[in-house]
Amino acid sequence: MEIMDIKRIIELAVKGEITSDDALEHLKSLAGSDIGYAKIDYQRALRNGFPEVIYCPGKRIEHICGIVSDMLKKSTGNIIASRASQQVYEAVGEIAPEAVYYEVAKTVLIKRQEFGTSKGHILVVTAGTADIPAAEEAAVTAEILGNRVERLFDVGVAGIHRLLAKVDTLNKANVIIVVAGMEGALPSVVGGLVDKPVIAVPTSVGYGASFNGLSALLGMLNSCASGIGVVNIDNGFGAACLANRINKLCEGDHGYE
């Protein structure tokens, strides 16, 4: 349920174009849908500031398309499908030709509203090029949520001079998302250089003893640098949602122009 949807219904009732009972029924219909295999939460944008997102792994393609179809009918907001394959994108494109696929981020977007523009920005940093998929999921999600996003890739500890040359860039951001695999050392380094909130994203990049990202996760949780929060392995989406909230708090009044 978008704020604009509620406002439109109230305005129609005030003008006498619909009755109060009709308005109540419209508001009830915006609350959510039960389509059997999914219960779609249309109040999430009102509560949390952004709509429910379709997490694609584990869902049948026809179920994903069913959820999208319901959203197209009952909401006016942007529709996001995360961790989406090319096959999911092609299927969604059959019912929403305007859908866009961010291949590296594995994100499908059906854009129905402008994103908005934050005054401050989120900086997304990666240790290596192999960490870019998780970083792009974070960056694209943050942009869709209305944030200005900058990217700083491949500045890991193996060539620390690359990061040190960009300290000014780090300090200009409201919040920094740091994405790293292997031993996951980069968030600690960044956390020791800046006074900004740092959100660490461990990735499953690395050889055998990295345990598909567990080593990076534990390393980040045990960081001696202060001001670092850690999300789950490869969870660029979760990092973006947290960074979005921090950026809005930094701006005051949501930070949108």
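The values are calculated or read from the model by the stated rules, or taken from the named source; none is laboratory data. Note that the structure is a prediction, hence the values are computed from the model and not measured. For neighbour counting, all protein chains shown are included, and Cβ atoms are generated from backbone atoms with ideal geometry for every residue, glycine included.
Give the residues of the stretch 46-86 that are in contact with a strand residue (DSSP E or B) (Cβ under 7 Å, 6 or more places away or on another chain) and of a type in the set (Ser, Thr, Tyr), sorted by residue number.
TYR55, SER82
Filter the stretch 146-174 down to residues that are surrounded by fewer than 24 Cβ atoms within 10 Å (Cβ to Cβ) and within 27 Å of VAL53 (Cα to Cα), then give me how many there are.
Number satisfying all stated conditions: 8.
Which condition breaks for ASN174 when tested against (1) in contact with a Gly (Cβ under 8 Å, 6 or more places away or on another chain); (2) over 30 Å from VAL100 (Cβ atoms)?
Result: ASN174 fails condition (2) only.
Please go through the stretch 209-234 and pick out each residue that is out of contact with any Gly (no Cβ under 8 Å at 6 or more places or on another chain), under 24 Å from ASN174 (Cβ atoms) and surrounded by fewer than 22 Cβ atoms within 10 Å (Cβ to Cβ).
The answer is LEU221, CYS224, GLY229.
Only one residue in GLY192, GLY206 is in the same structural domain as GLY128 (by TED's automatic domain parsing) and closer than 25 Å to ASN244 by Cα. Which one? Reasoning before the result, please.
On the way: GLY206 fails: closer than 25 Å to ASN244 by Cα.
Every option except GLY192 fails the conditions.
Among the residues in the stretch 13-26, are any at pLDDT below 80 and under 19 Å from the mean Cα position of the chain (by Cα)?
No: the stretch 13-26 contains no residue that is at pLDDT below 80 and under 19 Å from the mean Cα position of the chain (by Cα).
Select, from LYS166, LYS172, LYS248, the only residue that is basic (Lys, Arg) and in contact with a helix residue (DSSP H, G or I) (Cβ under 9 Å, 6 or more places away or on another chain).
LYS248
Within the stretch 101-122, track down each residue that is touching a strand residue (DSSP E or B) at 6+ places or on another chain (Cβ under 6 Å), small (Gly, Ala, Ser) and either surrounded by fewer than 20 Cβ atoms within 10 Å (Cβ to Cβ) or free of Cβ contacts under 8 Å to residues at least 12 places away in the same chain (or both).
Hit for the stretch 101-122 is GLY116, nothing else.
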